[in-house]
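Inspection log for the structure reproduced underneath, given as structure tokens.
The values are calculated or read from the model by the stated rules, or taken from the named source; none is laboratory data. All figures in this text were calculated on a predicted structure; none of them were measured in a lab. No Cβ is skipped: glycine too gets one built from the backbone with ideal geometry, and neighbour counts run over all protein chains shown. Calculation scope for accessible area: heavy atoms of the full protein, side chains included, ligands and nucleic acids excluded. Shrake-Rupley method; radii C 1.70, N 1.55, O 1.52, S 1.80 Å.
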Amino acid sequence: MGLYNRYCIRCHGVDGRGVWDIPDVPDFTNTVWQATRPDAYRSRVILEGRGAVMPAFRGTLTLEASCAMARYLHPFVPGRGVARPSLGPAP
């Protein structure tokens, strides 16, 4: 969660749906997107970037960290049964 909050939340949002002012940001809650992007693909995109929109994190993140980030995207799909920690204040 810490890596996501540090490097990804600005573009991908707290809920993983992407932010309105950046075009073509994937919606991590989309089951089709999730099913068609295996972890190896996600890890590669994290390290190498994607076009002019997503920066490359090679040199910033290790291969292990990019693999962990790729796996971290799974629970964004509703109904996956994995609780996501709240980013708001404690109740």
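Residues of region 73-88 being open to solvent by less than 60 Å² (accessible area, probe 1.4 Å) and either modelled with pLDDT of 95 or more or over 13 Å from the mean Cα position of the chain (by Cα) (or both), which ones?
Pass one, region 73-88, residues open to solvent by less than 60 Å² (accessible area, probe 1.4 Å): 73-77, 88.
Passing the criteria: only 88.
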### In region 1-29, the residues that are among the basic types (Lys, Arg) and either crowded, with 18+ Cβ neighbours inside 10 Å or within 17 Å of residue 43 (Cα to Cα) (or both)
6
#### Entry: From 42, 37, residue being surrounded by 18 or more Cβ atoms within 10 Å (Cβ to Cβ) and within 11 Å of residue 73 (Cα to Cα)
42
### Message
Can you list the helices (runs of 4 or more DSSP H) lying wholly within region 1-86 that have 3 or more residues being in contact (Cβ under 8 Å) with a residue 24 or more places away in the chain and not small (Gly, Ala, Ser)?
### Response
2-7, 39-48, 63-72
